[in-house]
Amino acid sequence: MSETTAKPGEIDFFADVEVTQNLPGYLGGLRSKCPVLREPFHDVYMVTGMAAAMDVFQQQADAFSSSIAVTGPLPPLPFTPSGDIRAQIAEHRSEMPWTDHLATYDGEEHAAHRAMMSQLLTHKRLKANEDYVHGLVEQLVDSIIDRGACEITEDFAHALSTLVIADLLGVPEEDRQSLLVAMGPDPTQMDGDQGFKVGPDPLVHLHDRFHRYLEQRLREPKDDMLTELAQATLRDGTDPGLTRKACLACFLFGAGQDTSARLVAFSFRVLGDFPEVQTKLRSEPDRIPAFVEEVLRFEPPVKTLSRLALRDVEVGGVSVPKGATVTVCTGGVNRDPDHFADPDSFDYDRSTVRDHVSFSRGSHACIGAPLARMEVRVALERFLANTTDIRISEAHHGPPDDRSYSYEPTYLLHGLQGLHVEWDKV
Ligand code: HEM
């Protein structure tokens, strides 16, 4: 059932860029062997089936650590897991990349910080942000619509997602444009023959900036989320301090930024590749939310959710030993034929359309999912209403029967490296 020796020609999911070019094919290949398969390069238990993924999500509070949620098996742990693994993680956390961020916290520390952050995402704040999104989308669409063509990731999606999350937090208007270029490279870059490289945390650039905002808000409170974060305490009344709060703000910003941009780009790709879908959506715009769910299932912007087993645990009927790395592959789970009928077809009418795991599940499930869904919906509503035909540029991506797209070379994120589209204006 589990194969632990690399065979000639086998592909290393975590290092080989080839995987990114045919993700469904690669993950389907793993699942056909076993939905919980121990891959041979890094000894990772790759989860590609729905039932097995649910085993991970349901047991994640007591059986797994999320300390490796971002980086997965690379670089290797700075310790050999044994005995009390939680204590080992606590001792070595500072040597483990990316572990400053909420997604990698465990247990009560995670629950308390997550509760504090969730409290800030009030209905009132999200509603005000939605009003902003409508205005922003109008402005961005107006700025490109007459051109009849654009590269959607740079010319539209990146600006949309960055400015939306900046508004949600309350970043001053005059600073927002500079945020469009403030991010560094994505984490977990693959490096072809050189193997992997877990890049420097791109959010580090933002830390000082958010620390400064939080200090300013303590001195001069405003009606914004940064002020509420600066003043917030954990549920036991303790204040985690501005350094930690700046990390939380940075992560919220980073998590909300290019994930949503990737979803926008994939939505346009589907619209271009399936013209009959856009015709239907123009006549039934209230089906756009279901369309967005199916895009999330089809092309999940976050492709791996990694966990460290704190004890021996069963996942999908497979025994996973204490200390092992388990990686839930969202793209594999989302196309499990035991759960999604005809999984390789794009069908937003399927009854299971919201069952994907693209926002994860359980204690670490995405807290920004409502915002992501809203901003992509508003963008699509406006774009579809202002156009009669959205097409993939054949000059850049080839004809419909021979498309070529390239994908970002990371094992954590799934995104298009540019998408050129054209349209006819209403
Ligand atoms: C299409 C857009 C998005 C996708 C696909 C996405 C995906 C995810 C996934 C898969 C996780 C869980 C990681 C894990 O279980 O290890 C997550 C966590 C998180 N997301 Fe999102 N996300 C998106 C948008 C957003 C937005 C807009 C925000 C901010 C408003 C956000 C904030 C967060 C935060 C703070 C966490 C950490 C939650 C925790 O660990 O408790 N995300 N996201």
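The values are calculated or read from the model by the stated rules, or taken from the named source; none is laboratory data. All values reported here derive from a predicted model rather than from experimental measurement. No Cβ is skipped: glycine too gets one built from the backbone with ideal geometry, and neighbour counts run over all protein chains shown. Each accessible area value is taken on the protein alone, full model and side chains, heavy atoms only, with ligands, DNA and RNA left out. Shrake-Rupley method; radii C 1.70, N 1.55, O 1.52, S 1.80 Å.
Checked against the criterion of being open to solvent by 30 Å² or more (accessible area, probe 1.4 Å), assigned to a helix (DSSP H, G or I) and at negative phi, the candidates Ala255, Ala261, Ala246, Ala230 yield just one match: Ala255.
Rundown of residues vs (1) in contact with a strand residue (DSSP E or B) (Cβ under 8 Å, 6 or more places away or on another chain); (2) closer than 30 Å to Thr122 by Cα, yes/no style:
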site: Ser360; (1), (2): yes, yes
site: Ala365; (1), (2): no, yes
site: Ala379; (1), (2): no, yes
site: Asp389; (1), (2): yes, no
site: Ala395; (1), (2): yes, no
site: Gly398; (1), (2): no, no
site: Asp401; (1), (2): no, no
site: Thr410; (1), (2): yes, no
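Considering Thr327, Thr304, Thr279, the condition of being of a type in the set (Val, Ile, Thr) and open to solvent by 20 Å² or more (accessible area, probe 1.4 Å) is satisfied by Thr279 alone.
Among the residues making up region 343-361, those that are surrounded by fewer than 15 Cβ atoms within 10 Å (Cβ to Cβ) and either charged (D, E, K, R) or within 16 Å of the ligand (Cβ to nearest atom) (or both) are Asp344, Asp349, Arg354. Among residues of region 321-348 that are at positive phi, those with a Cβ under 8 angstrom from a residue that is surrounded by 22 or more Cβ atoms within 10 Å (Cβ to Cβ), sequence gap 6+ or separate chain, pair up as Gly323/Leu308; Gly323/Ala309. Can you confirm whether His205 is touching a Gly at 6+ places or on another chain (Cβ under 9 Å), over 19 Å from Gly368 (Cα atoms) and away from the ligand (no atom under 12 Å from the Cβ)? Considered against the rule, which asks whether it is touching a Gly at 6+ places or on another chain (Cβ under 9 Å), over 19 Å from Gly368 (Cα atoms) and away from the ligand (no atom under 12 Å from the Cβ), His205 comes out as yes. Starting from residues that are open to solvent by 10 Å² or more (accessible area, probe 1.4 Å) and not basic (Lys, Arg), keep the ones in region 314-323 and report whichever is farthest from Trp98 (Cα to Cα). Taking the candidates together, the pick is Gly317. Of the helices (runs of 4 or more DSSP H) lying entirely inside region 72-150, those containing at least 3 residues that are open to solvent by 20 Å² or more (accessible area, probe 1.4 Å), more than 30 Å from Glu375 (Cβ to Cβ) and without any contact (Cβ under 8 Å) to a residue 24 or more places away in the chain span 85-92. Taking the condition over 15 Å from Val270 (Cα atoms), out of contact with any Leu (no Cβ under 8 Å at 6 or more places or on another chain) and modelled with pLDDT of 95 or more, does Val426 pass? Judged against the criteria, Val426 is not a match.
Only residues that are part of a helix (DSSP H, G or I), at pLDDT below 90 and hydrophobic (A, V, I, L, M, F, W, C) were counted in region 197-227, giving 2. A single entry from Phe274, Phe268, Phe251 fulfils the requirement of being farther than 30 Å from Glu108 by Cβ and within 16 Å of the ligand (Cβ to nearest atom): Phe268.
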